[in-house]
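Everything below concerns the one structure shown next.
The values are calculated or read from the model by the stated rules, or taken from the named source; none is laboratory data. Keep in mind that this is a model prediction, so the values were computed, not measured. With ideal geometry, Cβ positions are generated from the backbone for all residues, glycine too; neighbour counts draw on all protein chains shown.
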Amino acid sequence: MKGTLVSLDQCSPADYERLAKWLAAESSWYASGRPKLISAEDLRNENQHGDTHFMMVVENSSKRRVGVVTWTRKEEYEGSYSIGTGVGEKDQFNHGYAAEGGLLLLVYLFHAMNAHRVELLYGLYNKNVVPILAQWGVTVEGVLRDYFFLDGEYHDAVLCSILRDEFYRGIAAAGLSDMLDSIPRREKEEARALIGDLLAKIPGGRPADLVARPRPAGPVHHDTGQDRERAPERAAGAK
């Protein structure tokens, strides 16, 4: 998955060593309130067999590994995920790497994994994440008191989320819809026309039913009464 600044890539064996080093470094304070001493082997096992998965954030021009994004599927409900994003070294902060890497992850979860809800938890000591959340258009749901412990004191955490229909509205408003599809819509329509031509040559084929069937112009959100009831409160909470 490729954006303007960065791309997302699968973890290589060397990346697990890199992640273990980042988690033990000062920069990990911004994500979790303290460094974490986790081995490269533990990270590999978690990514391949556990609940939390990782992809590396790669700077496009230099091909340098600059950060990581993580996602965990929440077991309570299908289509519900929690995510994290981080930059490996402090001198790489504020370059837009985490913002775009997280956006690419949202595209993956909503557009490839059929996610319905994605949430993010961050500490109120981390000012770097606030501009990122503004770009993503998340809703702030609440404050968790004294959630992180850093520098000898407790800090509150903020829980944010974005829903599927909110994500697609934001993408459309930002003019980024073209970045979503891995196969252009034009090619999909051509494929339907080709199979229609093939069916027309087969006795008993019904190509008109296939080709004439209306196709949505983009992702479909199936409205429910519950959605309509919640619409005003979503609008009031949207950022």
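Restricting V143, V138 to those that are modelled with pLDDT of 90 or more, β-branched (V, I, T), touching a strand residue (DSSP E or B) at 6+ places or on another chain (Cβ under 8 Å) and surrounded by 15 or more Cβ atoms within 10 Å (Cβ to Cβ) reduces the list to V138. Consider L43 carefully, then state whether it is surrounded by 15 or more Cβ atoms within 10 Å (Cβ to Cβ), under 27 Å from I162 (Cβ atoms) and out of contact with any Gly (no Cβ under 7 Å at 6 or more places or on another chain). Judged against the criteria, L43 is a match. Count of segment 53-68 residues, restricted to those that are free of Cβ contacts under 8 Å to residues at least 24 places away in the same chain and not in a loop (DSSP other than H, G, I, E, B), is 1.
Scan segment 120-141 and tell me whether some residue there is assigned to a loop (DSSP other than H, G, I, E, B), within 20 Å of the chain's Cα centre (by Cα) and closer than 20 Å to E166 by Cβ. Yes - at least one qualifying residue is present in segment 120-141.
Remark: pairs (first residue in segment 111-134, in contact (Cβ under 8 Å) with a residue 12 or more places away in the chain; second residue surrounded by 19 or more Cβ atoms within 10 Å (Cβ to Cβ) and in a loop (DSSP other than H, G, I, E, B); Cβ separation under 6 Å; 6+ apart in sequence or on different chains) = G123/G33. Entry remark, segment 75-99: residues being buried (at least 22 other Cβ atoms within 10 Å of the Cβ), part of a helix (DSSP H, G or I) and in contact (Cβ under 8 Å) with a residue 60 or more places away in the chain number 1 in total. Screening L180, L105 for residues that are touching a Ser or Thr at 6+ places or on another chain (Cβ under 9 Å), of a type in the set (A, V, I, L, M, F, W, C) and in contact (Cβ under 8 Å) with a residue 12 or more places away in the chain leaves exactly one candidate, L105.
From the list L194, L210, L198, exactly one residue is in contact with a helix residue (DSSP H, G or I) (Cβ under 6 Å, 6 or more places away or on another chain), part of a helix (DSSP H, G or I) and either at pLDDT below 80 or surrounded by fewer than 14 Cβ atoms within 10 Å (Cβ to Cβ) (or both). Which is it?
From the options L194, L210, L198, the qualifying one is L210.
If the condition is being farther than 20 Å from G170 by Cα and of a type in the set (A, V, I, L, M), then segment 95-124 contributes L121, L124. When you scan segment 65-86, do you find a residue that is touching a Lys or Arg at 6+ places or on another chain (Cβ under 8 Å) and among the charged types (D, E, K, R), even just one? Yes; the residues of segment 65-86 include at least one that is touching a Lys or Arg at 6+ places or on another chain (Cβ under 8 Å) and among the charged types (D, E, K, R). In segment 47-74, the qualifying residues are those that are surrounded by 13 or more Cβ atoms within 10 Å (Cβ to Cβ) and hydroxyl-bearing (S, T, Y), and the one that is nearest to K21 (Cα to Cα) is T70.
Filtered by the rule that a residue be farther than 15 Å from T70 by Cβ and assigned to a loop (DSSP other than H, G, I, E, B), segment 2-52 gives G3, T4, L5, S12, A24, A25, G33, R34, P35, L37, S39. Of all positions in segment 150-169, none carries a residue that is closer than 18 Å to V57 by Cβ, at pLDDT below 95 and within 17 Å of the chain's Cα centre (by Cα). With respect to Q92, is the statement that it is within 17 Å of G170 (Cα to Cα) and out of contact with any Lys or Arg (no Cβ under 6 Å at 6 or more places or on another chain) true? No: the conditions fail for Q92.
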